[in-house]
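Readers should treat all values here as calculations from the given coordinates under stated rules, not as data from a laboratory. Not measured: the values here are computed from a predicted model. Positions of Cβ are generated from backbone atoms using ideal geometry, with glycine treated the same way; all protein chains shown enter the neighbour counts.
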Amino acid sequence: MPALKRTEAEARAQVVRAVSYDIRLDLTSDGLEFGSVSTVRFEAEAGATTFLDLAPVRVASAVLNGRDVTAGYSEGRLQLSGLQESNELVVDTVMAYSHDGEGLVRYVDPADGLVYLYAMSFLDAAPRWFACFDQPDLKAPLTLTVSCPDDWTVAGNGPPSRTAAGEWTVRQDRPLATYMATLVAGPYHSVRGEHDGIPLVLHGRASLAPELDRDAPALLAHTAQCFDELHRLFGLRYPWGEYHQAFVPNFNAGAMENPGCVTFRDQYLFRSRATHGQLVSRNNTIAHEMAHMWFGDLVTMRWWDDLWLNESFAEYLGHGVCATLGEASAWIEFAVNRKSWGYPADRRPSTHPVAGNGAADSASALDDFDGISYAKGASVLRQLAARLGDDVFLGGLRDYIASHAFGNAEFADLLAAWTAAGAEGLPEWADQWLRTAGLDTLRVDGAVLRRESPPDRPAQREHAITVRSYPSGQTAPILVRADETALPLSGGSLLLPGAGDETWAKIGLADAEWNAMPARFSELDPLARAIVWNALQLAVNDAEVNPELALRILCTAMATETDDILLSHMVQSATDRLLGIYLPDAAAASERLAAACEQGLAESEADSGRQLATLRGLIAFSTDPERLERLRAGEVPDGVVLDPDLRWRLTARLCALGSLGPSDIEAELAADTSAEGAERAALCSALVPTEQAKQDAWRLVMTDADRPAVLLYATARGFWDPLQTQATEPYAQRYFAEIAETARLRSGWVVGRLAALTYPSTAVTESTLTSASRLLDRPDLHSGLRRAVVDATDDLRRAVISRSRFA
């Protein structure tokens, strides 16, 4: 199906208006296809021509105002001519269930064989399950009539009602964009609640019923608190009726903000013990999606280049709501998990402004769905809120929401609302922060703070920040308006700019400060440690800090860190970004990190988040099979339960070390037949360092068109283990020869994500860079693949430079 061009969407919006959808789905078949009959009513200019989007297996019939137009279908589009002022189009199709996380996804739970469905329409996947005008500015009410097994539960964008045996109706009379349409159907286990007149419903697979029942009180309470705060912020009540939250399998994202029925990845229903950081992340995600009910759902961008109007605001408001509700770690989680995602993106060749990217079509818009649209945009909004003050900032938002409710808006509309509320100088501010890409550097140089913008993207961005002196802890505000700004503080062994993490910038420290950091790191407060950790990663990427020094700092953190959010992120960053990449001797570095984790574990309080996060770090880094086998046999510290998560982590590490193999994985899977077990088994199988195991894993990723996306992701994550460069070396060049063909097997999100996960990141050589360059020279390379390869190659280039400098 061709990507919708912006020009085509604009032309269609001039022709089509007052759209409504009445969709009938037949989900009674046990096969891989389902029936979808779409009745589309709309007004148009008499005599005009346009087209409808659909991606069926086959079109049985298409009838426009009583006239057969079936022959007008070709390659994802149904041509419509001779339109009347009022039109009714009935399109009878057979659609295919999806297994890649987009469209109408069908998943068979390995735990009990039960079938579960959910629909994911973002970004352009709605036509994979119903025929529609698939663009964000043709919003429409939607009615679903669903035929399904009688024991199924059905939910969607509006309140569901059972109309007959095996038949449900879901009706949303408020207009919504097609990319927000959803359906959840299957033998889901549900928990109901209510708050302030809003029915609240949670759904999860039957095999996760114990976990859903356990977490439901906390989930419902947090949802209720978020509603109260969002009602206060917006001055406008939740407009979508019931509020369903469905935890669904084989999900590509963290969650999707479908009005009335948010879908979440069901890993958020933790089968094993969760750290405090995991719970904070889940709560932030819940609040993020709830903020979308206003930003994105009630008021929707007109075209995809204003995606930030959805994501940046939901990111900022979601974390801000959690912080207001008393979660002190909300912004720490933002710093280490979200900004560490966005910072690298803003320095790569593929960087783009937060706003006004001029996406030519829907495919290029999907490529910009990244940490810039989320984390950078949210950070910029924090700066703007500080600049304007709450009265102007919130006043403008409320006017914007009220003025454009149930419609569409553009960036200019929001600027106008803020200006009307009393903001001044916004066009200039927006040009610097929102329309200019790139990351400033803020560094202390004697008595001044220097601001450096990227030479290829010069800007004059203001930064309202605090500076903190350590060890005294003295703080002072500072407004950076020039390339040199006098510091309001002096003295101390460390002056940290941006100490409240208020802005979007790389924090540059002097060599002496970095050299002292192994001894100083644990003396900083948690947010400062998060800031310094982000700064350290960027400094390593820029070959400013020796990776060996970064390893020393990391070892200090592993031994002394008490915040499990920071601990967990450092473990993940070390395994994904340092070992075998910037640190060539991954085995030696792993041994040092494991020793630091042993120290931290011995000093951890029993049953604490620190204990659990440090133990996970020990498992990730240990090169001692005997130590790991003792843990696997149950010799764990007091306060630790050897739950499924820890067992699979131990199994994975022992597979990577070559101590376990396929028969051991099969035994673990027999003991844990869950969906998570299948995913973990796929990871473990790819980690086995034998020629056969690597061949099998490679074949699955490169040639299997039917495997569920989450299993492909797990396989890809296990392939390039930093301890296995000899086993994986032959595949570095094979990647560049074969990855382009995967775009013929799959579509949408999964294409780029798999290209990123399977990139040979541990093949840190000039020859890898050369091969990447040749691949990128191909004019026919899929846009999602191209973006993934450009980004991963930039990361690899930085590692090559670092190795050369610090060899």
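Once you keep just the Cα pairs under 8 angstrom separated by 6 or more residues, what percentage relative contact order results for the chain? Display every interim value, and only then the final one.
Values: 1575 pairs, mean separation 68.7, N = 807.
Answer for the chain is 9 percent.
Compute the FRET efficiency between GLU729 and GLN572 as 1/(1 + (r/R0)^6), taking r as their Cβ-Cβ distance and R0 = 22 Å, and round to the nearest 0.05.
With R0 = 22 Å, the Cβ-Cβ based efficiency is 0.35.
Projection of the Cα convex hull of region 598-646, averaged over all directions and equal to a quarter of that hull's surface, yields 3.1 nm². P(r) tail for region 723-807, what percent of Cα pairs lie past 19 Å? Value for region 723-807 (Cα pairs over 19 Å): 36 percent.
Charged neighbours of ARG77, selected by a Cβ distance under 10 Å, balance to -3 (K, R count +1; D, E count -1). Which of the three applies to region 136-259, rounded, prolate or oblate, going by the alpha-carbon gyration tensor with a ≥ b ≥ c and a/c under 1.5 meaning rounded? It comes out oblate by the Cα gyration axes.
Full extension of the segment from GLU85 to VAL448, taken as 0.36 nm per residue of separation minus the current Cα-Cα distance, would add 124.0 nm.
Note on region 445-527: semi-axes of the ellipsoid equivalent to its C-alpha gyration tensor, largest first and rounded to whole Å, are 22, 14, 12.
In angstrom, the C-alpha Rg and Dmax of region 81-161 are 15.3, 53. Rounded to the nearest 20, the size of the Cβ-charge dipole of region 494-542 about its Cα centre is 80 debye, with Lys and Arg at +1 and Asp and Glu at -1. Quarter the surface of the alpha carbon convex hull of region 149-204 and you get the mean projected area, 4.6 square nanometres.
How would you classify region 619-682 from its alpha-carbon gyration tensor, with a ≥ b ≥ c the square roots of the eigenvalues: rounded for a/c under 1.5, else prolate if a/b is greater than b/c, otherwise oblate? It is oblate, given that a/c is not under 1.5 and a/b is not larger than b/c. Straight-line cross-link partners of LYS694 among the aspartates and glutamates, defined as a Cα under 12 Å from its Cα and at least 8 positions apart when in the same chain: ASP721, GLU729. Please give every one of the lysines within straight-line cross-link reach of LYS376, meaning a C-alpha to C-alpha distance under 24 Å, and leave out same-chain neighbours fewer than 8 residues apart. Qualifying lysines at Cα under 24 Å: LYS339, LYS506. Counted over the chain, the DSSP beta bridges are approximately 75% antiparallel. The distance between label points at VAL57 and GLU484 comes to 7.2 nm (points 7 Å beyond Cα on the Cα→Cβ vector).
Pairs of C-alpha atoms in region 309-375 farther apart than 18 Å represent 42 percent of all such pairs. Gain on full extension, evaluated as 0.36 nm per residue between GLN14 and SER403 minus their Cα-Cα distance, stands at 137.9 nm. Note on ALA602 and ALA588: the model spin-label points, each 7 Å out from Cα along the C-beta direction, lie 2.4 nm apart.
Straightening the chain between ASP30 and GLU428 buys 137.4 nm, computed as 0.36 nm per residue apart minus the Cα-Cα spacing.
Can you bin region 1-40 into rounded, prolate or oblate? Criterion: square roots of the alpha carbon gyration tensor eigenvalues sorted a ≥ b ≥ c, rounded for a/c under 1.5, prolate for a/b above b/c, oblate for the rest. The shape class here is oblate. All alpha carbon pair distances within region 629-732 were sorted into 5 Å bins beginning at 0; the resulting P(r) in whole percents reads 2, 13, 24, 23, 18, 11, 5, 3, 1, 0. Shape descriptor for region 207-295: Rg over Rh equals 0.96 (Cα atoms; Rh from the Kirkwood inverse mean 1/r). Efficiency by 1/(1 + (r/R0)^6): what FRET value for LEU325 and ARG162, r their Cβ-Cβ distance, R0 = 45 Å, to the nearest 0.05? With a Förster radius of 45 Å, E is 0.80. Each Lys or Arg adds one and each Asp or Glu takes one away; over the other residues whose Cβ falls under 10 Å from the Cβ of GLY320, this sums to -1.
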